[in-house]
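First comes the structure, then the notes that go with it.
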Amino acid sequence: MLYQFVSGDLPLSLTIWIVLAVWANGHRSTLRDFWYEPSPFWRVVERATLIFAVVIPLWVALFDNWRQLLGYTLSSSTRYKSDIFATSLTPEPLRWVSLALIAVSLVCAALIYARRQHGLGMLSLMLVFALAYFFFLNSFRMRADVFIVTTQNDLDHPGVASTIYIIVWVATLCCFITSIIAAAYLWLFSLIAFPLHIIFSLLNRNETKTDPNSIIGYLGVRGMASDPPSPSDDPAPRRP
């Protein structure tokens, strides 16, 4: 029973929720703005993004498999290496629901980013570094999973010291796998947000008003504040 838990998807989903909760705790005002967005269309998009952040980990934990989803980055002949545990393949209808949920959440997040015009530089960094992080470290993730397989006998006949050691190792591994999932998500997000950002820039190129929450607006205001005042063109003549 304990082995099924540590090798399953619930620990990964719990780790994702913890990370999201920590982020949300530090960005309460942003979440409040998302939820009470005045525009009806953007309110739907931003609320959907928040809901998907909670629903997707729950759906995958109950009906799908994180490791099998990560296996889509491998060739069809080597995809089995992504999930080395004795778990059955997710039925195709449930898998399509998982992919649809992830796809819609990616589009919603990309729309929010494009609307706020945070810039293409950050997206370029995500495209490069998120992809590099994922492909370099995903192979280590698959090798680290081997350790969990070797713990089945110890968890079937648990001892205090060995169980504590295994739980700590699994918790560390869950944090590592969560970063792998985040890297894959960020890369897909940047891939979608890049063209959307360009489209939004072209549509709004004649607008002079910048979103006050955007990085561009922040840098503009900061630049104006840092510029020294220009001398007057017609200084008052000095009295003799």
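The values are calculated or read from the model by the stated rules, or taken from the named source; none is laboratory data. Since the model is a prediction, treat every value here as computed from it, not as a measurement. Glycine also receives a Cβ, built like all others from the backbone with ideal geometry; neighbour counts cover every protein chain displayed.
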Check segment 54-70 and report whether any residue there is among the small types (Gly, Ala, Ser) and more than 30 Å from residue 32 (Cα to Cα).
no
Residues (modelled with pLDDT under 90 and touching a Ser or Thr at 6+ places or on another chain (Cβ under 6 Å)) located in segment 89-117:
116, 117
Out of segment 103-161, which residues are farther than 24 Å from residue 60 by Cα and among the acidic types (Asp, Glu)?
154, 156
Only residues that are buried (at least 17 other Cβ atoms within 10 Å of the Cβ) and part of a helix (DSSP H, G or I): list them for segment 60-96, please.
60, 61, 66, 67, 68, 69, 70, 71, 82, 95
Enumerate the pairs (first residue in segment 183-202 and free of Cβ contacts under 8 Å to residues at least 60 places away in the same chain; second residue anywhere and crowded, with 16+ Cβ neighbours inside 10 Å) with beta-carbon separation below 6 Å, excluding pairs fewer than 6 apart on the same chain, so at least 6 apart or on different chains.
183/130; 183/133; 183/134
Given (1) assigned to a helix (DSSP H, G or I); (2) closer than 18 Å to residue 110 by Cβ, index of the condition residue 18 fails
(2)
Within segment 26-40, can one find any residue that is of a type in the set (Gly, Ala, Ser), part of a helix (DSSP H, G or I) and without any contact (Cβ under 8 Å) to a residue 40 or more places away in the chain?
yes
